[in-house]
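The values are calculated or read from the model by the stated rules, or taken from the named source; none is laboratory data. Computed from a predicted structure; not experimentally measured. For neighbour counting, all protein chains shown are included, and Cβ atoms are generated from backbone atoms with ideal geometry for every residue, glycine included. Side chains included, ligands, DNA and RNA excluded: accessible areas come from the protein's heavy atoms. Shrake-Rupley method; radii C 1.70, N 1.55, O 1.52, S 1.80 Å.
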Amino acid sequence: MAATESEKCKFLIVGGGIAGVTCAEQLASQFPSDEIILLTASPLIKAVTNFKQVSKVLEDFDVEEQPHSFLEERNPNVRVIQSAVKALAADQHTVCTEDGRRYVYEKLCICAGARPKLITHGNPHVLGIRDTDSAQVFQKRLSSARRIAVVGNGGIALELVYEIEGCEVIWAVKDKAMGNTFFDAGAAQFLVPQLESAKPKAPAICKRTKYSTEACFVLGPEHQEQSAAERGELGSALGPDWHEGIKLKGTKEVSHKVHFEYQCEISQISYENTLAFPEHGSDQTESTADKELWPVYIQLTNGKTYGCDFIVSATGVIPNTEPFVRGNNLEVAEDCGLKVNEHMCTSEPDIYAAGDVCTTAWEPSSLWQQMRLWTQARQMGWYAAKCMAADTLGQSIEMDFCFELFAHITKFFNHKVVLLGKYNAQGLGRDHELLLRCTKGHEYVKVVMQRGRMMGAVLIGDTDLEETFENLILNQMDLSAYGEDLLNPNIDIEDYFD
Ligand code: FAD
């Protein structure tokens, strides 16, 4: 196609992450005689494999980073084009890419993901982790580090702090407990001992695809070209087990050495050792000032200062909306995501959005909330494709069942973690109670009850309770009569509710 020519297509998808790829594959199967074009900024796409419906709403799958040809071979009517979108003209149904091409679409789905929300921009001592390239940059810097600071309290910070070995970690957490996005203080307490003990030598068996960064480190840093992350290119987000196969080791002969600083944020980043520095793990006083020099110092809002080799900013993400919102009437939510309604439609005609780039603006079920997670990226990509198909064919479509109940399986600190419904009593106010069962080092079970109904649960360890609890949350049965017996380990709860 000549540079100035326009290409027409029925379905145009932007983004080669889980949301975009799932959307393209679903449309390809529903419209086998139409070509689906997928535009992506990244050289690899993310493919879902071995998809398993674990229960009604819990799902499990592997993720593979693959060349574009993988998707095209699996779906002969999908064409993948590597070029970032630089502009959208919604009124003309046109998208322009960086390589100078124009695409005129009938229906467009934006699945451009999100990028790390950094505590500061343009500072070489502050890294964000988002994709394989930024994980490589992180690994390279860590390999010569003695101490790093991690800021943030979500899933990425949790995984990082557990995975890093051979390096002191100062973990600045704005909440009262670690992992606030996923847990309460009780669950955090259950997991903390894992950070105080050495990491198991052999990792737990991981059936998901590994992200290998070996090739990047064959040459010394001086011989390496600037990585894509350093150039600010837009790769797709990592996901479960991204750290498997990546050696996250610093220069010290220690396993875990984590120092928590709760209820604080970074107030200042400085480069001079003018501030008092404490002995690691002890309270700071002038007399314990650090003798070592560090490339960078963080001053925390609690008044303490630490030196470190670099800072990892794991404080959430910002949706990649810039090229799409410019010059259009796309409504954007407070968290900067593209607002979508219950049909995954944005505020512009024939434009849908799915995955990390979007913010759900419909009235959600009382048991579901949006979280920028791998599972929701897949579900939204799939459902957006169903909505695009239904609108094209003039059919009606009902909201997919997966949006009835929030459900997520993951692994933190080598423990299986299942989160269901309002697992942290989100939005329930004070009108709820918690039932707990905990066996140190083995399992942690928490259920959130409201007026006798189960509203959510956190299951850590191999509890085998996920299916039963999922049913109890979904059917909203009055469980008042069972009281604390619900978590009595001597009662086989599955038989109880058969
Ligand atoms: P992405 O995967 O980010 O894909 C976006 C795509 O859009 C990319 O291909 C990108 O190149 C492309 N793109 C962007 N802008 C443009 C443009 N202008 N033009 C063309 N293409 C563009 N989730 C979990 O469920 N469990 C976990 O344990 C977990 N761990 C994580 C660990 C890390 C380190 C990170 C960063 C994320 C983690 N997540 C996890 C979150 C999960 O990875 C994301 O929610 C999910 O991958 C989002 O998928 P997506 O398809 O919406 O976006």
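Brief remarks follow.
- In the complete set of protein chains, residue-level accessible area for HIS432 is approximately 60 Å², probe 1.4 angstrom.
- Too-long pairs where the Cα-Cα distance tops 19 Å, listed order kept, from LYS117/LYS249; LYS176/LYS304; LYS46/LYS107; LYS416/LYS440: LYS117/LYS249; LYS46/LYS107
- In this structure THR22 has an accessible area near 20 Å², from a 1.4 Å probe over the protein heavy atoms.
- Along the stretch 138-149 the Karplus relation, 6.51 cos²θ - 1.76 cosθ + 1.60 evaluated at θ = phi - 60°, assigns HN-Hα couplings of 4, 4, 4, 5, 5, 4, 10, 9, 9, 8, 10, 10 Hz to successive residues, with x for each Gly and Pro.
- Phi angles across the stretch 439-444 convert, under the Karplus curve 6.51 cos²θ - 1.76 cosθ + 1.60 with θ = phi - 60°, into 3J(HN,Hα) values of 10, 3, x, 10, 8, 9 Hz, Gly and Pro given as x.
- Taken per residue, the accessible surface of the stretch 1-67 reaches 37 Å², heavy atoms only and a 1.4 Å probe.
- Here TRP382 sits with roughly 70 square angstrom of accessible surface, probe radius 1.4 Å.
- Computed 3J(HN,Hα) for the stretch 306-323, one whole-Hz value per residue from the Karplus formula 6.51 cos²θ - 1.76 cosθ + 1.60 where θ = phi - 60°, is 10, x, 7, 6, 6, 10, 9, 9, 10, 10, x, 10, 10, x, 7, 10, 3, x, glycine and proline marked x.
- Per residue, the average separation of C-alpha pairs within less than 8 Å and at least 6 apart gives the stretch 309-407 a relative contact order of 22 percent.
- Total formal charge among the other residues, if their Cβ is under 13 angstrom from that of GLU398, Lys/Arg +1 and Asp/Glu -1: -2
- Three-way shape label, the stretch 292-449, alpha-carbon gyration tensor, a/c 1.5: oblate
- The distance from the alpha carbon centre of the stretch 313-382 to that of the stretch 130-174 is 28 Å, rounded to a whole number.
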